[in-house]
Amino acid sequence: MSQQDGFASGLLLGSLIGGVVGGVLGAVITSRLDAKFADEENEGLTAGENDSQTGAKKRQMRASAHESLEIEATRRSLEDKIAQLNATIDDVRKQLGNVNSNSSQEVNEHS
């Protein structure tokens, strides 16, 4: 029993310490990234507010167009796959229809 009690307390202590260390690390990394992005944004505003806004809009439009092309390609690919599946299903239905009609004919012949 003493080993199980030691395991449970060690697990609890490890979880607690890991949570604290992970939380502190996450907070430090996030604050550094936020500061970095804030500095970049401030540099863009001081360089020229109109230039940075038009640049951001152009980047957003390019990203939007790229995403639209990817979505369209994915849609077409899925449509092709669905058509292939439908053709395969039709073939299997025909094969099963032939098997079922052959088996019913054999039953009729044996009767």
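Observations on the model:
- The modelled label-to-label distance between Gln95 and Asp80, using points 7 Å beyond Cα along the C-beta direction, is 2.4 nm.
- For Arg75, solvent-accessible area (1.4 Å; no DNA, RNA or ligand), Å²: 100
The values are calculated or read from the model by the stated rules, or taken from the named source; none is laboratory data. As the structure is a prediction and not an experimental result, all values here were calculated from the model. Don't worry about glycine lacking a Cβ; one is built from the backbone with ideal geometry, like all the others, and counts go over all protein chains shown. Note: areas computed on protein heavy atoms with side chains; ligands, DNA, RNA excluded. Shrake-Rupley method; radii C 1.70, N 1.55, O 1.52, S 1.80 Å.
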